[in-house]
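Worksheet: one structure, shown below.
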Amino acid sequence: MSSSADKYQRPRALLLANIGQLLTLRSPSGKQGPRRGGDLNELEVIEDAAILCVAGKIVFVSKMREALRDPWVASNRKKIDEVDCRGRVVLPGFVDSHTHPVFMQPRLVDFEKRISGASYEQIAEAGGGIRSSLKAVRRATRRQLADGMFDALRRMAEQGTTTVEAKSGYGLNAESELKSLQAIAEAAKRWPGTVVPTLLGAHVIPQEFEDQGDEYVDLVCREMIPAAAKKKLARFADVFTERGAFSLEQTEKIFVAARQHGLGVRAHVGQLSRTPLSILLRFKVASLDHLDHVTEDDIRQLAQSDCVATLVPGANYFLGLADFAPARKLIDAGVAVALATDYNPGSSPTVSMPFVLSMACTRMRMSPAEAVSAATINAAWGLRLQDRKGSVEPGKDADLALFDVRDYREIAYWFGENRCLETVMNGLRQTEASG
Ligand code: NIG
Ligand code: FE
């Protein structure tokens, strides 16, 4: 039993009453597939609304006065746990579809070096970067890693996140990658939200395989992927496809192995340099992430696919970059764009989806509505969880966030403070005293 288990209460039935603005994110015209173009602006806002959840699922969504007229609600009112939202905003819980939460320490030396002018790649070449997070993870127990991750999940939920994709990637040998995935499973069990585990054995090539990248790729394909799949510890395999990490050819090999073992695939691509996307798209890749460096041709191919383009402006912000991913071009071309924190100790130490929305608006010129769609329903598509997550509809999981604002645009407007009052995860409430 986790020490904070008492923070979560499972009401049999939960009524969110007197919602000022409810963003349902229901598909505007019953269209299938992730949101593209103008549809990203369609949130379906219901004023003066109510949501009834029973046994972890949403049962109905209506105007408040209709909820009060419902015979079941009327006769069970005393037994229903009721949250009076007092005219504030409720939306689907955020889906943070790209995080690296299994690490032990912040990378403060890298932070200071960057402030003095060194780049992410220069720091990595000088012995910092991803490789410098390995030693502590290899030494740590599974329990220590799970505790750190659980703490991150709790902080994420405090800011409205209810579903988290979590990558391994700081162990980089078979034993420590599996230990990291087991830590993810352990933390997930203690948290009422939903966690999607991803094997990122191909994050960088560890020191002991220096100049033997292909041998390391063999280890990922022959040991890590089969073991993670067999033990059901990962749903996806991810690759950092980049100069200084893994080539396109190596990525292909890893994708082939992952698909053979029943894992979905996703990749970090175009963060520091361009990699053509066509080969990756042939693998029915669920999501390609970062995409700072893309050509018109890449954008066209993305728009024609079901692949979600997950943008992570926290990394650009924290690395002090002047440029951000070309969100406007991507959206206007019809690409299904999602947003995520990329929570990690090197390039994006933030758990805050509201801050990501703020950066999406101010630095990538996304509208607040586009940013909300990207952080909920499209992120759910990027994890292939669109049938359960990302919108407020009967039958979907009861994953909700209540914000102390009257207009949803304020979620992206107030930055550097937490306006989330309460999060509901699979019908369980995490109530924060700070509200
Ligand atoms: O998404 N680019 C690769 N992975 C992370 C950074 C991880 C780290 O620096 O520790 C990213 O930015
Ligand atoms: Fe990442």
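Things to note:
- Qualifying residue in the stretch 68-82 (condition: over 27 Å from Arg365 (Cα atoms) and within 27 Å of the chain's Cα centre (by Cα)): no
- Restricting the stretch 255-279 to residues that are among the hydrophobic types (A, V, I, L, M, F, W, C) and within 16 Å of ligand 2 (Cβ to nearest atom), the residue that is farthest from the chain's Cα centre (by Cα): Leu272
- Qualifying residue in the stretch 307-326 (condition: more than 16 Å from ligand 2 (Cβ to nearest atom) and closer than 30 Å to Ala228 by Cα): yes
- Filter pass, Gly334 being closer than 30 Å to Ile123 by Cα and either of a type outside the set (Val, Ile, Thr) or not assigned by TED's automatic domain parsing to the domain that holds Leu291 (or both): no
- Annotation: Thr310 fulfils all but one of (1) out of contact with any Asp or Glu (no Cβ under 8 Å at 6 or more places or on another chain); (2) within 14 Å of ligand 1 (Cβ to nearest atom); (3) β-branched (Val, Ile, Thr); the unmet one is (1).
- Candidate set: the stretch 353-380, residues that are in contact (Cβ under 8 Å) with a residue 60 or more places away in the chain and surrounded by fewer than 24 Cβ atoms within 10 Å (Cβ to Cβ); chosen: the one nearest to ligand 1 (Cβ to nearest atom): Phe355
- Restricting Ser62, Ser75, Ser27 to those that are in a helix (DSSP H, G or I) and more than 16 Å from ligand 1 (Cβ to nearest atom) reduces the list to Ser75.
- Residue that is nearest to Val45 (Cα to Cα) [pool: residues in the stretch 325-352 that are in a loop (DSSP other than H, G, I, E, B), under 13 Å from the mean Cα position of the chain (by Cα) and within 15 Å of ligand 1 (Cβ to nearest atom)]: Ala340
- Hits in the stretch 36-49 (condition: charged (D, E, K, R) and under 30 Å from Arg65 (Cβ atoms)): Asp39, Glu42, Glu44, Glu47, Asp48
- Residue ID - nearest to the chain's Cα centre (by Cα), chosen from residues in the stretch 15-59 that are more than 17 Å from Gln386 (Cα to Cα) and of a type in the set (S, T, N, Q): Asn41
Conditions (1) more than 26 Å from Lys167 (Cα to Cα); (2) touching a His at 6+ places or on another chain (Cβ under 6 Å); (3) outside the structural domain of Gly193 (by TED's automatic domain parsing); (4) modelled with pLDDT under 95, marked per residue:
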{"residue": "Val45", "(1), (2), (3), (4)": "yes, no, yes, no"}
{"residue": "Ile58", "(1), (2), (3), (4)": "yes, no, yes, no"}
{"residue": "Ala74", "(1), (2), (3), (4)": "yes, no, yes, yes"}
{"residue": "Thr99", "(1), (2), (3), (4)": "no, no, no, no"}
{"residue": "Met104", "(1), (2), (3), (4)": "no, no, no, no"}
{"residue": "Ala118", "(1), (2), (3), (4)": "yes, no, no, no"}
{"residue": "Glu125", "(1), (2), (3), (4)": "no, no, no, yes"}
{"residue": "Leu134", "(1), (2), (3), (4)": "no, no, no, no"}
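- Residue check for Ala50: part of a strand (DSSP E or B) and buried (at least 20 other Cβ atoms within 10 Å of the Cβ): yes
- Test result for Phe318, away from ligand 1 (no atom under 12 Å from the Cβ) and either surrounded by fewer than 24 Cβ atoms within 10 Å (Cβ to Cβ) or free of Cβ contacts under 8 Å to residues at least 40 places away in the same chain (or both): no
- For Ser116, the stated conditions do not hold, so it cannot be described as surrounded by 23 or more Cβ atoms within 10 Å (Cβ to Cβ) and among the polar types (S, T, N, Q).
- Filtered residues of the stretch 127-184 (kept if of a type in the set (Ser, Thr, Tyr), assigned to a helix (DSSP H, G or I) and surrounded by fewer than 20 Cβ atoms within 10 Å (Cβ to Cβ)): Ser132
The values are calculated or read from the model by the stated rules, or taken from the named source; none is laboratory data. Predicted model only: the values in this text are computed from it and were never measured. When we count neighbours, we look across all protein chains shown, and the Cβ atoms used for this are built from the backbone with ideal geometry, even at glycine.
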